[in-house]
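> First, the structure itself, so that you have it in front of you.
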Amino acid sequence: GIARIDANGNATYVLVGTAAADPIIDLDSHNLAPALSNDETTVYVAVKASSNPNYAYLLGLNSTTLATKSRRFLQDPRNGNGARVPDDGTSSPMVAPDGDVYFGVFGNPSNGSRGFLLHYSSDLLVTKTPGAFGWDYTPGVVPASMVPSYHGPSSYLLFAKYNDYAFQDGSGVNRVALLDPNDTQLDPHTSAPGLVE
């Protein structure tokens, strides 16, 4: 479950199945840190099922009571299949300056072990354009003003790991990238034909 201890030592907790309103959910995720919304009223966590590796939610909980405010079933953006949140991944929810929430997942089926960086509104109701790599990192925020060559519409960019592993359709060229969360391209990999990312 998820626990909170206040400044006076008082504890509150919620079991993950209760928080997700789904009895299949019975695990939190190793290597995952919770993230607070910019106003500190919502804490974002990921929870999953031990019986199905491709069954997980991103939850927005009240940061004081741990009551569920919002939930999003995590899906592979190529096909709508349930996405995986592996224990050996290191993706954690990340809240951007505009309140949007980013979270990396593993594809289902695998797409050369790249996964996707999912992108949601702060209430998790609106799914926005995903990134092409995601499952084993948490993006950093770079103010757009720090990149003099950038002239796009975004006030921030995402500093991201951008691997392309040397198997399946991968080139073996592993990079870091500055991504514009409001610009798009077509995924060039054969595992994601026509996916806008």
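> Compute the separation of the alpha-carbon centres of region 43-82 and region 90-144 and state it in Å as a whole number.
When both Cα centres are located, 13 Å separates them.
> So how strong a dipole does the chain carry about its Cα centre when Lys and Arg Cβ are +1 and Asp and Glu Cβ are -1, to the nearest 20 debye? Spell out each step's value before the answer.
Working: 11 positive and 19 negative charges, 31 e Å.
The dipole of the chain has a size of about 140 debye.
> Could I ask something else about it? With charges only on Cβ, +1 for K and R and -1 for D and E, what is the dipole size of region 80-137 about its Cα centre, in debye, rounded to 20?
Computed charge dipole of region 80-137: roughly 200 debye.
> A further question follows. Of Asn182, Ser37, Leu118, whose Cα points farthest to the positive end of the dipole of the chain (charges on the beta-carbon: +1 Lys, Arg; -1 Asp, Glu; origin at the Cα centre)?
Of the candidates, Leu118 comes out farthest on the positive side.
> So, one more: Sorted from largest to smallest, which semi-axis lengths in Å does the alpha carbon gyration tensor of the chain give for its equivalent ellipsoid, taking the root of 5 times each eigenvalue?
On the way: eigenvalues 160, 89, 36 Å².
Calculated on Cα positions only, the semi-axes equal 28, 21, 13 Å.
> Please list, in order along region 179-193, the HN-Hα scalar couplings obtained from phi with the Karplus expression 6.51 cos²θ - 1.76 cosθ + 1.60 (θ = phi - 60°), rounded to whole Hz, x for Gly and Pro.
Once rounded to whole Hz, the list reads 10, 8, x, 10, 10, 9, 8, 8, 4, x, 7, 5, 7, 9, x.
> Going Cα to Cα from Lys161, which lysines come in below 29 Å? Please leave out same-chain ones fewer than 8 positions away.
Leaving aside lysines fewer than 8 places away in the same chain, those within reach of Lys161 are Lys48, Lys128.
> So, for region 118-197, what is the accessible surface per residue at a probe of 1.4 Å, expressed in square angstrom?
Heavy-atom accessible area per residue stands at 53 Å².
> Which of Pro23, Pro86, Pro181 ends up with the largest GNM mean-square fluctuation for the chain, with Cα atoms connected below 10 Å?
Top of the fluctuation ranking is Pro23.
> So who's got an amide H within less than 5 Å of the one on Tyr55, skipping anything under 5 residues away but keeping other chains? H placed 1.01 Å off N, in plane.
Close amide H contacts, sequence-distant or interchain: Ala49, Val85.
> A follow-up question, please. Looking at the chain as a GNM with Cα springs under 10 Å, which of Arg175, Arg72, Arg84 has the largest mean-square fluctuation?
Ranking Arg175, Arg72, Arg84 by mean-square fluctuation puts Arg175 first.
> About the Cα centre of region 115-180, how large is the charge dipole given +1 on each Lys and Arg Cβ and -1 on each Asp and Glu Cβ? Please answer in debye to the nearest 20.
Once rounded to the nearest 20, the dipole reads 120 debye.
> Using the Karplus curve 6.51 cos²θ - 1.76 cosθ + 1.60 with θ = phi - 60°, work out ³J(HN,Hα) for each residue of region 85-99 in order, rounded to whole Hz, and write x for Gly and Pro.
3J(HN,Hα) across region 85-99, in whole Hz: 10, x, 5, 8, x, 10, 6, 10, x, 10, 9, 7, x, 8, x.
> How much accessible area per residue does region 21-68 have, counting only protein heavy atoms and a probe of 1.4 Å, in square angstrom? If you can, show how the numbers build up before the last one.
Values: 2240 Å² over 48 residues.
I get 47 Å² per residue for this part.
> Something else about it: Determine how large the accessible area of Thr42 is when every protein chain is in place; take a 1.4 Å probe and give Å² rounded to the nearest 10.
10 Å²
> Right, here's the next one. List the residues whose amide H sits under 5 Å from the amide H of Leu195, counting only those 5 or more places along or on another chain, with H placed 1.01 Å from N in the peptide plane.
Counting only residues 5 or more places away or on other chains, the set is Asp187.
> I would also like to ask the following. What net charge is computed for the residues neighbouring Leu124, neighbours being all others with C-beta under 9 Å from the C-beta of Leu124, Lys and Arg scored +1, Asp and Glu -1?
Surrounding charge for Leu124 is +2.
> What is the spread of the Cα atoms of region 118-197 along each of their three principal axes, largest first, in whole Å?
Cα spread of region 118-197 along its principal axes, largest to smallest: 36, 32, 22 Å.
> Provide the per-residue ³J(HN,Hα) series for region 31-47, in order, calculated from phi with Karplus coefficients 6.51, -1.76, 1.60 and θ = phi - 60°, each as a whole number of Hz, with x at glycine and proline positions.
So the J values, rounded to whole Hz, are 6, 10, 9, x, 10, 8, 5, 4, 8, 6, 9, 10, 10, 9, 9, 10, 9.
> Counting only protein heavy atoms and using a 1.4 Å probe, what share of the accessible area of region 27-110 belongs to carbon plus sulfur, as a whole percent? It would help to have the intermediate numbers written out before the result.
Working: 1590 of 3390 Å².
For region 27-110, the apolar C and S fraction of the accessible surface comes to 47 percent.
The values are calculated or read from the model by the stated rules, or taken from the named source; none is laboratory data. Small disclaimer: the values here were computed from a predicted structure and weren't measured. Every residue, glycine as well, gets a Cβ built from its backbone with ideal geometry; the counts of neighbours run over all protein chains shown. The area values use the complete protein model at the heavy-atom level, side chains included, leaving out ligands, DNA and RNA. Shrake-Rupley method; radii C 1.70, N 1.55, O 1.52, S 1.80 Å.
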